[in-house]
Amino acid sequence: MVTGGKGKAGRRRRPDNPELPAAGLGVHIGFSTTGGWLSRIIRRVTGSPVSHSFVVYHSAVFGKDMVLEASGHGFRIMAWQRFDTENKLVAMYRLKVDDALLHQALGKLSDRLGDAYDTLSLFGYLIRKWFRLKRVPFDSRKKLVCSEAVALFLGWCGMPFEDLGVVTPQILLDFAEARSDVFELVDSGNGFARVAAKSAKRRRRKRRRKRVAEPSPRRLTG
């Protein structure tokens with residue numbers, strides 16, 4: 001379990017788990033938010049209280065948990081302890097995937113370290129939403145946003161997404177909630193209950209729309 005100290009939000013976290021190094025790679029997928037301007041824009045555009053997604057793994061080299069994330073600073077690696085003081089955790093899921101596959105996926109993801117943040121694609125996502133386009137304009141294959149990096153990683157773990165450009169942190173969170181066979185919830189912040197309630201409401205709306213779209217069976221008359 002990825003844990004830390006006491007973040008800016010004043011929420012006391014559990015002490016470090018001594019069993020983590022023995023639990024394979026300890027790879028997790030996390031979801032968070034902040035009060036920053038970029039976070040507020042993402043929440044507004046996607047209509048979600050979640051604005052950020054990231055990968056956490058236990059590094060034998062550094063001897064601690066490290067975060068792989070795409071942020072305004074680009075795609076980078078940083079210590080979980082520092083990340084935790086600057087972000088408000090919403091949920092953390094442990095990936096129940098074979099270690100060999102996780103090793104391979106982490107290696108591929110590390111090749112993207114140093115890539116610039118794809119700020120322009122955020123505006124492209126907004127244009128797509130306004131004009132109901134199929135693709136996101138200005139989406140660069142050489143740059144990354146947070147959800148795109150996580151979706152790439154999950155694809156290399158055997159869970160591909162059709163169009164990476166339209167994947168948002170909320171879509172990833174909904175996916176994690178729906179796939180309990182692969183994602184194990186190990187930690188959640190104060191905002192998780194509100195996010196979970198919103199996700200459940202969104203799923204109910206989808207089911208209702210699907211039922212309305214389905215043609216009613218014709219009645220036989222004699």
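Placing pseudo-labels 7 Å out from each Cα toward the beta carbon at LYS108 and THR85 gives an inter-label distance of 3.5 nm. Here the simple spin-label model places points 7 Å from the Cα toward Cβ, and for LYS210 and MET78 these points are separated by 3.8 nm. Can you classify segment 70-121 as rounded, prolate or oblate using the Cα gyration tensor, where a ≥ b ≥ c are the square roots of its eigenvalues, rounded means a/c under 1.5, and otherwise it's prolate if a/b beats b/c and oblate if not? It is oblate, given that a/c is not under 1.5 and a/b is not larger than b/c. If the segment from SER188 to LYS201 were pulled out straight at 0.36 nm per residue, it would be longer than the present Cα-Cα gap by 2.8 nm. With all pairs of different C-alpha atoms in the average, the Kirkwood value for the hydrodynamic radius of segment 31-127 is 14.7 Å.
Pairs from the list LYS96/LYS206; LYS64/LYS143; LYS142/LYS210; LYS88/LYS206; LYS88/LYS210; LYS88/LYS108 with a Cα-Cα gap above 31 Å: LYS142/LYS210; LYS88/LYS210.
No value in this document is a laboratory result; all are computed from the given coordinates. Everything numeric in this text was worked out from a predicted model, so none of it was measured. Every residue, glycine as well, gets a Cβ built from its backbone with ideal geometry; the counts of neighbours run over all protein chains shown.
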